1. What is the angle, in °, between the Cα long axis of helix 73-93 and the longest principal axis of the Cα atoms in the chain? Nearest 10 is fine, range 0 to 90.
2. For 211, 102, 263, 160, what ranking results if the residue with the fewest other Cβ atoms within 10 Å of its Cβ goes first?
3. What translational diffusion coefficient, to the nearest whole µm²/s, does the stretch 217-286 have by Stokes-Einstein, given a Kirkwood radius computed over alpha-carbon pairs, a temperature of 4 °C and 1.567 mPa s viscosity?
4. Based on the alpha carbons, how large is the Rg to Rh ratio for the stretch 162-286 when Rh follows Kirkwood?
5. How long is the stretch 20-283 along each principal axis, judged by its Cα atoms, biggest number first, in Å?
6. Under the rule of -39500 (n - 2.57) per DSSP H run of 4 or more residues, summed and divided by the residues of the chain, what mean residue ellipticity at 222 nm is obtained, to the nearest 500 deg cm²/dmol?
7. Measure nothing fancy, just the Cα-based angle from helix 116-139's long axis to the longest principal axis of the chain, in degrees from 0 to 90, nearest 10.
8. Can you tell me the orientation of helix 40-52 relative to the chain, as the angle in degrees between its alpha-carbon axis and the longest Cα principal axis, to the nearest 10?
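Taken together, the values in this text are just the output of simple stated rules run on the coordinates, not laboratory data. Predicted model only: the values in this text are computed from it and were never measured. In this analysis, Cβ positions are derived from the backbone assuming ideal geometry, glycine residues included, and neighbour counts consider all displayed protein chains.
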């Protein structure tokens with residue numbers, strides 16, 4: 001009596017192809033979205049700080065800012081607070097790398113049969129998507145501070161937020177790739193994030209500043225991401241040329257005001273450089 005052995009199923013080896021690496025990007029990106037959607041506390045608390053800055057600090061500063069030509073100071077602050085929302089959400093989304101390292105999950109990701117750049121790219125796309133979603137939620141408050149719900153303006157803001165979020169997430173991944181503990185990540189990121197935020201012009205106009213402060217704002221990479229947000233908002237407000245110049249002077253190099261495409265180009269170049277550096281650093285992660 002002859003025995004018929006069951007057919008052995010064919011096994012497809014993972015990895016070794018671009019399709020497998022792209023699938024790794026999609027899996028990591030999707031994981032970031034799932035984690036974000038399930039963490040409602042994170043969703044709410046990440047919006048509380050921007051709301052407090054806009055309505056409490058903005059209202060308080062409005063009482064002493066009398067030279068805004070009839071423009072509410074909260075209206076001026078709105079683009080900067082959008083940048084703040086994207087900044088903190090993007091950078092701290094990279095904290096999941098440190099979290100995964102502490103609990104051993106990162107080791108399982110590193111031994112997966114995909115190239116490590118796909119993990120980095122998936123993390124960056126995930127952080128970009130989460131931060132952009134947070135920014136879109138915050139855009140719902142535009143009407144409360146006198147900013148119109150212009151479809152063109154909203155599309156511009158969403159695109160600029162996405163580019164900004166990708167660059168900042170790559171920056172966070174670069175830091176997280178070499179840090180072992182959550183506490184260290186928080187200290188290091190705060191060391192960079194807070195100066196970047198306050199020097200970006202999110203809280204004050206870039207005109208009439210002392211020379212030393214003007215120089216610092218120009219070397220702050222976040223300045224070139226916040227200014228396009230403010231330009232998009234102010235281009236849809238009915239303001240006088242004097243108020244436009246005072247509150248939205250833009251970034252100037254030797255008297256030449258950088259156009260928005262040039263500023264976005266600078267952000268895109270920084271995003272590419274930070275992504276490349278993050279990939280190199282992540283390739284050395286143990």
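1. It works out to around 20 degrees.
2. By the 10 Å Cβ count, ascending, the order reads 211, 102, 263, 160.
3. 93
4. Dividing the radius of gyration by the Kirkwood radius yields 1.04.
5. 59, 40, 34
6. Counting only the DSSP helices, I get -22000 deg cm²/dmol.
7. Result, in degrees: 40.
8. Relative to the chain, helix 40-52 is tipped by roughly 20 degrees.
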